[in-house]
Amino acid sequence: MTTVETPAKATWRQWVGLLVLCLPTMLATVDINITILALPRIAEDLGSSSIQQLWIADIYGFFIAGFLITMGTLGDRLGRRKVLLAGAALFIVASLLAAFATSTGTLIFARALIGIAGATIMPSVLALIAAMFPDPKEMAGAMGAWGSSVMLGLIGGPIVGGLLLGSFWWGSIFLIAIPIMALLLILGPILLPEFRNPHAGRLDLFSVALSLAAITLVIYGIKDAGRDGWGVVSILTILAGLIIAAGFVMRQRTAASPLLDLSLFRIRSLSSGVALGLLIAIVMGGVGLTASLFMQLVRDISPFHVALWLIGPSFAMIILGNVALALAQKIRPAYILVTGSAIAIVGLIVLSTVDTHGGMWALMTGLVLVYVGGSPVGMMNSFLVMSSTPPEKAGSAGAVSSTAGELGAALGVAVLGVVATAAYRSDLTIPAGVDPAQAEAARSGIAGAVFTAGDIPGAAGTTLLESARDAFTSGLHVVAICAIVLYAGMAAVSYFGLRHVEPTGSAKPPMTEPAEAAAAVDTPA
């Protein structure tokens with residue numbers, strides 16, 4: 001006769017440990033967006049070109065995406081807590097390097113190191129939460145809190161960045177990581193259990209190299225196309241990246257210990273959840289970048305006041321996200337997600353009507369609706385992915401979900417940033433009296449136009465500035481239209497991929513795989 005034991009309830013130790021885990025999670029997502037507001041200051045101080053600015057903004061996300069699966073495997077072998085604490089130490093060192101960087105190259109390198117450190121957070125945290133909260137209801141609550149920290153990070157980046165930039169130099173945005181990661185290093189060994197699977201496969205270094213090469217080449221090609229148009233170099237670079245990506249997939253199918261378990265994508269709920277995480281991150285990354293630059297460089301709003309303007313959409317996202325999570329206990333998640341997509345599309349239509357000199361009503365209304373419409377994905381995505389995954393593959397599923405989110409955020413900045421830049425350049429008019437060097441600076445991006453216009457005497461400078469602001473507003477409209485298409489895709493994925501999923505309140509309790517439970521080491525320090 002088999003006896004099913006009731007999972008132990010979490011104590012105050014686990015709940016405080018959850019808070020400790022949510023803080024670095026929030027920081028990891030803050031770091032994606034916090035740099036966006038500082039880009040004009042960085043470009044002016046370090047002389048960064050528009051393409052270098054894109055690298056500064058998105059290399060962090062791409063390195064996280066490239067290393068997440070790797071760090072998940074290392075956590076399986078060495079221990080999730082150990083890998084998480086090592087990443088916290090690297091985060092502190094790299095943040096100091098970024099804060100005091102004196103060149104664009106140094107800053108990009110530091111951001112890459114921060115990305116590697118950030119890749120240790122998501123898979124380790126998800127695995128530790130599963131170990132700390134064996135009771136299904138408590139695990140759902142813990143996942144909800146974790147999802148809230150992700151959302152707070154995504155929307156808090158511009159707010160925190162604006163507040164810091166209103167009082168300090170741009171390097172201060174990187175220093176906020178130090179106290180948070182120091183707290184993790186101090187309390188982690190006390191509150192967090194160690195968790196490892198000694199039967200996990202070995203790390204496939206060749207697969208690591210393939211994944212990094214594929215991502216880097218594809219993104220480089222996109223950036224080259226944004227700078228010089230779709231030429232031979234950009235097309236061949238993207239094709240090379242896609243070929244390497246195909247080689248990566250083939251390697252995972254044949255390797256004894258694959259870096260990524262492709263069989264996970266056969267689970268419809270998981271693959272749909274991953275697709276939704278990718279799409280929402282693309283939208284939020286691209287719209288966030290474009291809207292922030294629009295407020296600063298078109299409406300001439302200071303970073304501090306941009307932060308104040310974003311408080312409304314941020315609170316709306318948090319509140320409505322939690323409402324959606326509560327409703328999902330009674331209503332199928334697919335229906336909630338489709339409704340959210342429809343609300344966001346309305347907001348994007350409003351954004352496409354924003355003009356250069358109008359009031360802030362249309363811009364804020366559009367952003368509120370976009371944030372509210374996207375909030376259900378941020379709150380429910382991880383729970384949907386993890387609850388649909390076989391217990392023995394939960395770690396891989398968490399890494400895949402996190403990879404999609406981080407890659408999507410970086411792609412949103414890169415791809416929609418390129419789209420906005422292309423629209424800007426096509427609408428920009430260079431007036432007579434502007435020398436070739438000044439014209440090239442203006443064509444590189446609106447930041448270049450704003451900085452250059454002040455040095456051009458007479459009506460030519462004023463005309464150039466007005467043309468640049470009108471052109472960038474057109475870029476905002478084009479980004480909004482692209483985001484509408486993406487949200488329509490999200491609605492389709494939600495309905496066809498998740499309509500079979502019952503309300504979360506009626507979901508069956510997840511089961512623990514005996515073999516993995518016996519192999520795991522769960523020892524609070």
- How far is helix 50-78 tilted, in degrees, relative to the longest principal axis of the Cα atoms in the chain, given as a value from 0 to 90 rounded to the nearest 10? 10
- Message: Using Cβ contacts closer than 10 Å as the measure, can you line up TYR424, TYR220, TYR60 from fewest to most?
- Response: TYR220, TYR424, TYR60
- Order of LEU68, LEU46 from fewest to most other C-beta atoms within 10 Å? LEU46, LEU68
- Query: Taking amide H positions as placed 1.01 Å from N in the peptide plane, with prolines and chain starts having none, which residues 5 or more places from GLU194, or on another chain, fall under 5 Å of its amide H?
  - Reply: THR523, ALA525
- Message: Counting only trypsin sites (Lys or Arg not before Pro) that sit in a DSSP loop (anything but H, G, I, E, B) with at most 15 other Cβ atoms within 10 Å, what is the longest stretch of the chain containing none of them?
- Response: 10-201
- Message: I need TRP169, TRP146 ordered by Cβ neighbour count within 10 Å, fewest first.
- Response: TRP169, TRP146
- Return the distance in nm (one decimal) between the two label points of a simple spin-label model at ARG13 and GLU466, each offset 7 Å from Cα along Cα→Cβ. 7.0
- Message: Around VAL20, under 12 Å between beta carbons, what's the net of Lys plus Arg minus Asp minus Glu among the other residues?
- Response: +2
- Hey, if you put +1 on the Cβ of every Lys and Arg and -1 on every Asp and Glu Cβ in the chain, which of SER402, ALA422, PRO40 ends up farthest toward the positive end of that dipole? SER402
- Query: Could you give me the ³J(HN,Hα) list for segment 295-300, computed from phi with Karplus coefficients 6.51, -1.76, 1.60 and θ = phi - 60°, whole Hz, x at Gly and Pro?
  - Reply: 5, 6, 9, 9, 8, 6
- Task: Averaged over every viewing direction, what's the projected area of the C-alpha convex hull for the chain? Give it in nm², one decimal, please.
- Result: 23.8
- Calculate one ³J(HN,Hα) per residue across segment 84-98 by plugging θ = phi - 60° into the Karplus curve 6.51 cos²θ - 1.76 cosθ + 1.60, and present them in order as whole Hz with x for glycine and proline. 4, 5, 5, x, 4, 5, 5, 4, 5, 4, 5, 5, 4, 4, 5
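We did not get these values from a lab; they are worked out from the coordinates using the rules stated. Everything numeric here is computed off the predicted structure, so don't read it as measured data. Glycine also receives a Cβ, built like all others from the backbone with ideal geometry; neighbour counts cover every protein chain displayed.
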